[in-house]
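See structure below.
Only the coordinates and a few stated rules stand behind these numbers; no lab work does. Here the structure is a predicted model, which is why all the values come from computation and not from measurement. All Cβ positions, glycine included, derive from the backbone under ideal geometry; neighbour counts span all protein chains shown.
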Amino acid sequence: MMTNSKCSIIDDLVYRDKIVDRRSKGKLSIVFKKSTQSNMILRRLKLDICNAGYDDGLSTSTLREITNSKKLDSEYVSKVVE
């Protein structure tokens, strides 16, 4: 029997706890990634809400947050996983 090896990134995560839920910035949650056996922080954005009903991609503040987070090197700051 063949199985489909493709799975969604979300299928690999187990929801643990909600940290914060802001309409403009999305939901921030603690999740457990099964494949690496590690806890992570997940930010889920609803682009239609973040962009005031326009589908024009990620907001500049979101892109700035990703860029700045990638530059940080501290044991107290989560790493960006793509």
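Data table
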| item | result |
| --- | --- |
| Residues of the range 59-82 with amide N under 16 Å of the 7 Å Cα→Cβ point at Lys25 | 59-70, 77-78 |
| Proximal lysines to Lys70, defined as alpha-carbon separation beneath 21 angstrom and excluding residues fewer than eight positions away on the same chain | Lys25, Lys27, Lys33, Lys79 |
